[in-house]
Amino acid sequence: MSVIREFFKKKKLESKFKLAGPGHSMASSTSSTPATNQTLKTAGPSQTRVAPSESSKRAGAAALARFEQNQKQQEPNWSLAAIRAQARKELELELEAQKRSKDGGPKEVLQEAAPVLAVSGVYYSCPLIGPDILSKQDIEDKIKNFLYEQLSEEMGLTSCLIIRTCNQNKAQISLGIETLSKYLTNIIENPTEEKYQKIRLSNKVFQERIAGLEGAMEFLKACGFEQQKLPHGDGEEDFLVFQKDKLGDLETLRMLKDALQTSEAVVPELDRGLRVLMPSQAAAVVNLPEDFFSLSKDEIKREQELRERQVELNQQLRTRAMKERDEVKESRRYKFTLIRIRFPDGILLQGTFSVKECLRDVKYFIIENLNDPSKEFELLSPGGQKLIKDEERLLDLHLVPAVILHLRFVEKLEGKQIQEDSFLKPEIMALLQSI
């Protein structure tokens, strides 16, 4: 089976799963009741991810690749016992520094993050084309090139994907698909009518809806149309003519029409940029790259110049509504957020998320990387509040543009202590970085 046919097969299975009802998908739930680990594992993240069982491996490979590119150094060969001891020591130092700060003593000075820990950008992957982790533009270019390479093997289905993926104007895509479907419907329902078997290329409808639609000509060719010059008026014009020998295989036309109408764009998946950090590394200041922001570089600079005025505004007596409006305005600056999850042993798991993703996606990310995915846990905000609205967007929860959440395991038996050599999978702990 070709790669494209396999892709369509998976998409059809996912579509059936989505239609199975609320018992099979968390996406249809409107309750704010937190989901269990089993529910999260069954439903998956809010954004459909192909082969989610492999995502932690891809994330690990991506993190290792970036690490090797940024800094060539020998990987730390720490035992788990040494890691836990170091994490405990750093947590104690952190608590001591906080206590000194409250008592009026010298405050801890935060240093700029080392290059190996800096967030260099937002990256994407696409399982359909391979394991590469690339920038948004690069991955979109690679997807387009990949699709065009598949035309020689599977022109019909591939051209459907090209139409969906390589055209930007959604209204144009919808109108083009409607027109192409009409061409096929006319032939299927009226196979003996020759007028439906010819399309004049200079026709106004064709020029407005089809001529500029990428992938449309390849689709029509796969259906059985060929370009020919035919008499028209006082001369000749170019036509697309449906080949007579294809009339005996109308089932193929029905299949291609269905594929055109039900296909979906090949969309890059956000790479989590998975990293594992020690407590001291999480304390370092990380400057977020421009990719995280909706604003341009100049706009961000102007925003920074308005900081002083913002401080003055905060000191004024302002209504709650005024503050809420300012918070909404501020939140719209961000497209992505950097989430760090602190485990009971002090180790932190880091990932990049879209601000439109939900708390459920963060929990799913954690479950993917737990040594024991069956363990129930809770997430606490930096202020100590329990986060329970799994369907709430990270933007609406104000978990932007970067935040450290605290993970607390739920003990099922009273007085039972959870003991682990490591809460994270061994291959994930292997990504622990040293500065």
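Being open to solvent by less than 10 Å² (accessible area, probe 1.4 Å) and either touching a strand residue (DSSP E or B) at 6+ places or on another chain (Cβ under 9 Å) or modelled with pLDDT of 95 or more (or both) narrows it down to one of LEU387, LEU348, LEU380, LEU395, so name that one. Step by step, each of LEU387, LEU348, LEU380, LEU395 is checked, and only LEU348 is open to solvent by less than 10 Å² (accessible area, probe 1.4 Å) and either touching a strand residue (DSSP E or B) at 6+ places or on another chain (Cβ under 9 Å) or modelled with pLDDT of 95 or more (or both).
Looking at LEU201, LEU277, LEU256, can you tell me which residue is at pLDDT 95 or above and surrounded by 15 or more Cβ atoms within 10 Å (Cβ to Cβ)? It would help to see each step written out before you state the result.
Values: LEU201 fails: surrounded by 15 or more Cβ atoms within 10 Å (Cβ to Cβ); LEU277 fails: at pLDDT 95 or above.
Of the residues listed, the single one that is at pLDDT 95 or above and surrounded by 15 or more Cβ atoms within 10 Å (Cβ to Cβ) is LEU256.
From the list VAL266, VAL355, the lone residue that is under 21 Å from the mean Cα position of the chain (by Cα) and modelled with pLDDT of 95 or more is VAL266.
For TYR196, the conditions (1) farther than 28 Å from GLY130 by Cβ; (2) in contact with a strand residue (DSSP E or B) (Cβ under 7 Å, 6 or more places away or on another chain) all hold with the exception of (2). If you go through the range 365-416 and keep only what is out of contact with any helix residue (DSSP H, G or I) (no Cβ under 9 Å at 6 or more places or on another chain) and of a type in the set (Phe, Trp, Tyr), you end up with just PHE409.
Checking the stated criteria, ASP141 turns out to be within 13 Å of PRO268 (Cβ to Cβ), charged (D, E, K, R) and at pLDDT 95 or above.
Yes/no matrix, rows are residues, columns are (1) in a loop (DSSP other than H, G, I, E, B); (2) without any contact (Cβ under 8 Å) to a residue 40 or more places away in the chain; (3) within 30 Å of PHE353 (Cβ to Cβ):
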position	(1), (2), (3)
GLN227	no, yes, no
PRO231	no, yes, no
GLU237	no, yes, no
LEU256	no, no, no
LEU260	no, no, no
VAL266	yes, no, yes
ARG272	yes, no, yes
VAL276	no, no, yes
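Assess whether LEU250 counts as being of a type outside the set (Val, Ile, Thr), out of contact with any Phe, Trp or Tyr (no Cβ under 8 Å at 6 or more places or on another chain) and buried (at least 16 other Cβ atoms within 10 Å of the Cβ). For LEU250, the condition - of a type outside the set (Val, Ile, Thr), out of contact with any Phe, Trp or Tyr (no Cβ under 8 Å at 6 or more places or on another chain) and buried (at least 16 other Cβ atoms within 10 Å of the Cβ) - is not met. Flag set for ALA211, criterion: outside any helix (DSSP H, G or I) and modelled with pLDDT of 95 or more. Counting only helices (runs of 4 or more DSSP H) wholly contained in the range 131-206, the ones carrying 1 or more residues that are touching a helix residue (DSSP H, G or I) at 6+ places or on another chain (Cβ under 9 Å) and closer than 22 Å to VAL241 by Cα occupy 155-165, 170-189.
The values are calculated or read from the model by the stated rules, or taken from the named source; none is laboratory data. Bear in mind the structure is a predicted one, so any value in this text is a computation, not a measurement. A quick note on method: Cβ atoms are made from the backbone with ideal geometry, for glycine too, and the neighbour counts reach across all protein chains shown. Note: accessible area is taken over every heavy atom of the protein model, side chains too, but ligands, DNA and RNA are not part of it. Shrake-Rupley method; radii C 1.70, N 1.55, O 1.52, S 1.80 Å.
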